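**Student:** The structure's right below; bear with me while I get my questions together.
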């Protein structure tokens, strides 16, 4: 029996990786332009970290985490999201003591949920986190920066939704109103929502059950319960986005699935991904650092699902940067095998950015040209007995009409330098 990849965990093949690399590099460039620094955290953390940060009664902790006991009997978990680990790293390494910081990370996350379009059990995220900045100006920066990311990767049909969750006290008051409302209509709630009524009633608002949408639409609206500070914060945020000319929609049902959010929450959504249309989600989590043992520290950030962006880029016809070889080196004869190694290393050292494949495994002149063609190389560079005797190499265009020409080493370097620039 052939062993196959685990359901929901997929391979990204060589023909797919150039688009991924374009996406990842575009993200890194935009984040660097705003002064954000990369941090890299472990994939495995203590299970308690996620129970304490995400919330024990969330779907992620209750149903979706990959947890196991190690040989010491400690409960460990493959990270289901990045914020908790980033906060843990910032506290542990003293990054929050006296100044603000702007961080980002990229890597795989793991959730045991039903795979669907753009959603996998192992998936890749870019996460952005800021610490020590409590005003709406950083919320505005995060949203404008995410908008710039879409432009950088060639996407336009992504819409911004906003809401405010207010303070802890606001949500406690709102929670009471929700429980009262849904309790009066308990017979209309599905099994999941009835369970959430006692544990996390705000999550009922996020239900995708079509039979419950009319009931949810009539539920009390959190934004009507905002305290003065949260309302001012939200109004200033909207004014900033208006000034920047960025369109948005207020979505009063946007609650986010993690317990640590407060005040601003936002999502970027697409109509091209089915029911799971969110490609970027974030907001403020001002209480999380203190909740995890640090000093009170305002914080905000967002996370982007890369698989979903790849789907959208493909549908939009975004083309990856060409990464096919510039040159395939054809080696004819025993001496060419030896001289070819020397020549290829010289060219790689002197021609910046040169992508070069050297034929390995011998083969006839004809078979090597077939390999050169299959590699996608733009040029075949030929080194045989005649070329070695003359102190030259021959080069022939593979993708366009160009006669074969012979060049000495300096001429070859100049030729390839023009090809790679």
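**Student:** Take peptides 171-177, 3-9 and line them up by average Cβ neighbours within 10 Å, highest first, as a rough protection proxy. Kindly include the intermediate steps, with their values, before the conclusion.
**Tutor:** Working: 171-177: 16.1, 3-9: 10.0.
My ranking of the peptides, most packed first, is 171-177, 3-9.
**Student:** Just subtract the alpha-carbon distance of residue 314 and residue 179 from 0.36 nm times their residue separation and send over the number in nm, one decimal.
**Tutor:** Separation in residues times 0.36 nm, less the Cα-Cα distance, equals 44.3 nm.
**Student:** Using only helices, what value at 222 nm comes out for the chain when you add -39,500 (n - 2.57) per DSSP H run of length 4 or more and divide by the total residues, to the nearest 500 deg cm²/dmol?
**Tutor:** Rounded to the nearest 500, the figure is -11500 deg cm²/dmol.
**Student:** Here's a follow-up. How far is the Cα center of region 13-78 from the Cα center of region 339-367, in Å?
**Tutor:** Spelled out, the Cα-based centre of one part sits 39 Å from the other.
**Student:** Calculate how many DSSP beta bridges within region 1-154 are antiparallel, expressed in % of all such bridges and rounded to the nearest 5.
**Tutor:** Of those bridges, close to 90 percent are antiparallel.
**Student:** Where the centre of each part is set by its Cα atoms, how far does region 119-136 sit from region 197-273, in angstrom?
**Tutor:** Value for the Cα centre distance between the two parts: 18 Å.
**Student:** I'm spelling it out carefully: the read-out is volume of the Cα convex hull per residue in Å³, the candidates are [x] 242; [y] 211; [z] 147, and one was derived from this structure. Which label?
**Tutor:** Given [x] 242; [y] 211; [z] 147, the calculated one carries the label [y].
**Student:** Here is a further query. Residue 101 to residue 3: extension gain in nm, 0.36 nm per residue of separation minus the Cα-Cα distance?
**Tutor:** So the extension gain works out to 30.8 nm.
**Student:** Compute the distance in nm between two label points, each set 7 Å from the Cα along the Cα-to-Cβ direction, one at residue 290 and one at residue 29.
**Tutor:** Here the modelled spin labels are 4.2 nm apart.
**Student:** Label residue 236 and residue 401 with points 7 Å out from Cα along Cα→Cβ: what is the distance between them in nm?
**Tutor:** 6.7
**Student:** Moving on to the next point. How much FRET efficiency would the formula 1/(1 + (r/R0)^6) give for residue 346 and residue 64, where r is the Cβ-Cβ distance and R0 is 56 Å, rounded to 0.05? Don't jump to the answer; show the numbers that get you there.
**Tutor:** Working: r = 53 Å, r/R0 = 0.95.
Working from the Cβ atoms, E equals 0.55.
**Student:** Now a separate question. Please tell me the relative contact order of region 1-110 in percent, rounded to the nearest whole number, where contacts are Cα pairs under 8 Å and at least six residues apart. List each step's numbers first, then the result.
**Tutor:** Details: 89 pairs, mean separation 32.6, N = 110.
Normalised by residue count, the contact order of region 1-110 is 30 percent.
**Student:** Would you list 99, 185, 233 from fewest to most Cβ contacts within 10 Å?
**Tutor:** Values: 99 8, 185 12, 233 21.
Result, fewest neighbours first: 99, 185, 233.
**Student:** Counting only DSSP beta bridges with both residues in region 327-420, tell me the antiparallel percent, nearest 5.
**Tutor:** The antiparallel proportion sits near 45 percent.
**Student:** Right, next: Ranking request for peptides 386-396, 362-372, 140-150, 297-307: highest mean number of other beta-carbon atoms within 10 Å first, then the rest in descending order.
**Tutor:** Numbers: 386-396: 16.1, 362-372: 14.4, 140-150: 20.4, 297-307: 22.4.
Most protected by this proxy first, the peptides run 297-307, 140-150, 386-396, 362-372.
**Student:** Hey, what did the chain get for relative contact order, percent, Cα under 8 Å, at least 6 apart?
**Tutor:** Averaging sequence separation for qualifying contacts and normalising by length gives 16 percent for the chain.
**Student:** Rank-order 124-135, 17-28, 402-413 by packing density, defined as the average count of other C-beta atoms within 10 Å over each peptide's residues, highest first.
**Tutor:** Peptide ranking by packing, descending: 124-135, 17-28, 402-413.
**Student:** Same structure, new question: State the extension gain, in nm to one decimal, for the chain segment bounded by residue 321 and residue 159, taking 0.36 nm per residue of separation less the distance between their alpha-carbons.
**Tutor:** Gain on stretching residue 321 to residue 159: 55.7 nm.
**Student:** For a Förster distance of 25 Å, can you work out the FRET efficiency between the beta-carbons of residue 367 and residue 419, rounded to the nearest 0.05?
**Tutor:** Result of the calculation: an efficiency of 0.50.
**Student:** Can I ask one more? If you restrict to DSSP beta bridges whose two residues both lie in the chain, what percentage is antiparallel, to the nearest 5?
**Tutor:** 80
**Student:** While we're looking at this one, here's another question. Whole number please: convex hull volume per residue of the Cα set in region 381-421, in Å³?
**Tutor:** Expressed per residue, the convex hull around the Cα atoms of region 381-421 is 63 Å³.
**Student:** For the residues 164, 156, 324, what sequence is obtained by ranking on other C-beta atoms within 10 Å, fewest first?
**Tutor:** Arranged by neighbour count, lowest to highest, 164, 156, 324 become 156, 324, 164.
**Student:** A follow-up question, please. What nm value, rounded to one decimal, do you get for the distance between residue 186 and residue 209 when each label is placed 7 Å out toward the C-beta?
**Tutor:** Computed distance between label sites residue 186 and residue 209 equals 1.4 nm.
**Student:** Efficiency by 1/(1 + (r/R0)^6): what FRET value for residue 221 and residue 168, r their Cβ-Cβ distance, R0 = 25 Å, to the nearest 0.05?
**Tutor:** Working: r = 18 Å, r/R0 = 0.73.
Between residue 221 and residue 168 the formula returns 0.85.
**Student:** At each listed q (0.17 Å⁻¹), what is the log10 of I(q)/I(0) that the Debye formula gives for region 327-420 modelled as equal alpha-carbon point scatterers?
**Tutor:** With no solvent term, the Cα-only Debye profile gives -0.66.
**Student:** Follow-up question, since we're still on this one. Hey, fewest Cβ within 10 Å first, where do 186, 263 land in order?
**Tutor:** Details: 186 10, 263 26.
The most exposed by this proxy come first: 186, 263.
**Student:** How high is the relative contact order of region 374-421, in percent, with contacts defined as C-alpha pairs under 8 Å that are six or more residues apart? Intermediate results must be reported in sequence, preceding the final value.
**Tutor:** Numbers: 53 pairs, mean separation 13.7, N = 48.
Rounded, it is 28 percent for region 374-421.
Just so you know, all these numbers are worked out from the coordinates, no wet-lab data involved. All figures in this text were calculated on a predicted structure; none of them were measured in a lab. Note that each Cβ is placed from the backbone with ideal geometry, even for glycine, and that neighbours are counted across all protein chains shown.
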